[in-house]
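The values are calculated or read from the model by the stated rules, or taken from the named source; none is laboratory data. Given the structure is predicted, the values throughout are model-derived calculations rather than measurements. Cβ coordinates were reconstructed from backbone atoms using ideal geometry, including for glycine residues, and neighbour counts include every protein chain displayed. Quick note on the areas: whole protein, heavy atoms, side chains included, nothing else; ligands and nucleic acids left out. Shrake-Rupley method; radii C 1.70, N 1.55, O 1.52, S 1.80 Å.
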Amino acid sequence: MPLTATAVTPEIVVESPVSLVDGASLEFGTVLVQEPGLTRSFTIRNTGTSHLDGLAIPVDGAYAADFTVSALTSAQIAVGGSQTFTVTFSPQAAGLRSAALHIASNDPNENPFDIALSCQASGMDIRFAGEDGARVTRPVQAIDLGTLDSGTQVERSFTVRNTGTQTLTGFHLAISGADPS
């Protein structure tokens, strides 16, 4: 009499927003030191045939303290179910910051599911203020100089202030547009 069996196993799938492979690397972008952090959402799905159990998400590495993981609502995901969590990058210093995210589970071949995280933390922030002290936004904001008769001049002062934590270098100012002269 032949015997048959069907394997009953969980299968972890991680998306952010697309499906990731175990060992994937994710770049968060650039954020200023001491500014609100960048947040990225992750979804864990169970596409297997049994519960995905023992979920935990530790972070380690040289700059693990710069990456905060939100709490999961449960340490288990039912077959066909999912959970979402976020990782927030809030750098403590400037430079390239990296850490490793590990999603522990009972998946037999992807435990833990590893994701390398990195983000650039900048200590420089340029703020422009017009004569009235109002902040000029970036990257481009039109500044109305008023109506002028031909041959007259108008003068406006702007203040450039480095509100970051590093020295601002290589600064260049240019005037452009249809008639920059």
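Of all the residues in the range 42-79, those that are of a type in the set (S, T, Y), in a strand (DSSP E or B) and at pLDDT 95 or above number 1. The residues of the range 101-113 that are among the small types (G, A, S) and surrounded by fewer than 18 Cβ atoms within 10 Å (Cβ to Cβ) amount to a single one, A104. Taken over the range 1-21, the criterion of being modelled with pLDDT of 90 or more, in a loop (DSSP other than H, G, I, E, B) and not acidic (D, E) is satisfied by T9, P10, S16, V18, V21. Would you confirm whether any residue within the range 55-65 is of a type in the set (A, V, I, L, M, F, W, C), open to solvent by 50 Å² or more (accessible area, probe 1.4 Å) and either more than 30 Å from V33 (Cβ to Cβ) or out of contact with any Phe, Trp or Tyr (no Cβ under 6 Å at 6 or more places or on another chain) (or both)? Yes: the range 55-65 contains one or more residues that are of a type in the set (A, V, I, L, M, F, W, C), open to solvent by 50 Å² or more (accessible area, probe 1.4 Å) and either more than 30 Å from V33 (Cβ to Cβ) or out of contact with any Phe, Trp or Tyr (no Cβ under 6 Å at 6 or more places or on another chain) (or both).
Taking residues in the range 73-89 that are over 15 Å from G54 (Cα atoms), and partners anywhere that are part of a loop (DSSP other than H, G, I, E, B) and among the aliphatic types (A, V, I, L, M), the pairs with Cβ atoms closer than 8 Å and at least 6 places apart or on different chains are F85/I57; F85/A71; F85/L72.
Taken over the range 27-41, the criterion of being of a type in the set (S, T, Y) and either within 13 Å of T68 (Cβ to Cβ) or surrounded by 15 or more Cβ atoms within 10 Å (Cβ to Cβ) (or both) is satisfied by T39 alone.
Of all residues in the range 82-99, those that are open to solvent by less than 30 Å² (accessible area, probe 1.4 Å) and more than 12 Å from V14 (Cα to Cα) total 6.
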